[in-house]
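See structure below.
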Amino acid sequence: MKVKTEKKAPFIDMTAMSDVTVLLLTFFMLTSTFLQKEPATVITPASVSEEKVPEQNLVTLLITKDSQIFMSIAGDRDSTYSSEKMREEVLLNVVEEYNKKHPNKKITLTKADVNVFGNTYMFGLPLSQLSDWCKLPAEKRDALLDPAKNKGAGIPIDMGKDVENRNEFQQWMLALYNTSNPNLAKAIKSGKGIAIKADATTPYSVVQVVMDNLQTLKMNKFTLMTALKTEED
C-alpha cells in the first residue's frame, strides 16, 4: 500500500538574499564617485585615446564654447590633503598675492568665505568678485558661475607674456604649483596633474592661449581630455 504525501507549495527564504542585496547597495554607494556639477556642459572632441585621467591630485581646466575658463581642484584621498583643504590653501595663497599687488583694493575673506570656496567643486570668476560671491546663497553663486546667465563668468586670462604682471589665470596656476600637497605638486610637474577639458566647438585659438600660459609658467606637460571615438565616428 502506497502512502500519499501531502503536496505543499515550495517556500524559499529570501531573508539572506535581501541582506546581501542591501550590503551590495551600501558598498557601491560608499565607493562610487558621483559626477560633480560643472558650470557649463562641455562636449569634448572624440579620439582613440583610452588613457584615463586620474581622479585625485588633478587640476581640471574647463573651457566653454564661449571661451570662458573654469577651474576645479581635486586633492588626495588622505584627509590631510583633501580636495576641500587644497582649495582653501590655494585660495588663500592667490588672495595673498593679489593683495600685495592691489594694496588699495584688497580682498577680505572670512573663515566662512574660505569654507564656501573649499566646498565649491569648480570656480571661475575675477578675483575682485570673489568676496561678494562667497557671501551669496548657493543658488545665486551657481547663477554667477553659469555662462548662460553671466557673460562675465570665467577666470580672466590674456596672452600672458608679461612675467612681472601675471594674469589671474597664471596666479591660480602658480598657487597650485606651489601647493603643500607633495602628490599634487608632483602630478603637475609630471604632466599628469593638469587636464584641459574644452568643448569640441571651442576655437583652437582659445585653447592655445591656455596652453601658452601654462608653458610661460614652465608647465609644459598636460592632458587634453577627449571622448572615446565610436564606430560611427
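The values are calculated or read from the model by the stated rules, or taken from the named source; none is laboratory data. What you see is a predicted model, and the numbers here were worked out from it, not measured in a lab. Here Cβ is always computed from backbone atoms with ideal geometry, including for glycine, and neighbour counts include all displayed protein chains. Please note that ligands, DNA and RNA were not included when accessible areas were found on the heavy atoms of the full protein model with its side chains. Shrake-Rupley method; radii C 1.70, N 1.55, O 1.52, S 1.80 Å.
A few notes on this one:
- Across the stretch 68-80, the number of residues qualifying as assigned to a helix (DSSP H, G or I) and surrounded by 20 or more Cβ atoms within 10 Å (Cβ to Cβ) comes to 0.
- Search result, residues across the stretch 82-119 that are touching a strand residue (DSSP E or B) at 6+ places or on another chain (Cβ under 9 Å) and over 21 Å from Asn167 (Cβ atoms): Ser83, Met86
- Met159 open to solvent by 20 Å² or more (accessible area, probe 1.4 Å), among the aliphatic types (A, V, I, L, M), modelled with pLDDT under 95 and out of contact with any Phe, Trp or Tyr (no Cβ under 9 Å at 6 or more places or on another chain): yes
- Residue in the stretch 5-15 that is open to solvent by 60 Å² or more (accessible area, probe 1.4 Å) and modelled with pLDDT of 75 or more present: no
- Looking across the stretch 156-179, the residues that are more than 20 Å from the chain's Cα centre (by Cα) and either farther than 19 Å from Val206 by Cβ or basic (Lys, Arg) (or both) come down to Lys161, Asp162, Val163, Glu164, Asn165, Arg166.
- Residue match in the stretch 99-108 (condition: touching a Phe, Trp or Tyr at 6+ places or on another chain (Cβ under 6 Å) and either surrounded by fewer than 16 Cβ atoms within 10 Å (Cβ to Cβ) or among the polar types (S, T, N, Q) (or both)): no
- The residues of the stretch 167-186 that are in contact with a Gly (Cβ under 7 Å, 6 or more places away or on another chain) and surrounded by fewer than 20 Cβ atoms within 10 Å (Cβ to Cβ) amount to a single one, Asn167.
- Yes/no for Lys111 being open to solvent by 50 Å² or more (accessible area, probe 1.4 Å), without any contact (Cβ under 8 Å) to a residue 12 or more places away in the chain and closer than 21 Å to Lys140 by Cα: yes
- Sole residue being surrounded by fewer than 18 Cβ atoms within 10 Å (Cβ to Cβ) and either under 18 Å from the mean Cα position of the chain (by Cα) or at pLDDT below 90 (or both), chosen from Ala138, Ala153: Ala138
- Some residue of the stretch 178-185 being more than 29 Å from Pro103 (Cα to Cα), in contact with an Asp or Glu (Cβ under 9 Å, 6 or more places away or on another chain) and aliphatic (A, V, I, L, M): yes
- Boolean, Thr64 is open to solvent by less than 20 Å² (accessible area, probe 1.4 Å), within 18 Å of Ala175 (Cβ to Cβ), in contact with a Ser or Thr (Cβ under 8 Å, 6 or more places away or on another chain) and at pLDDT below 95: no
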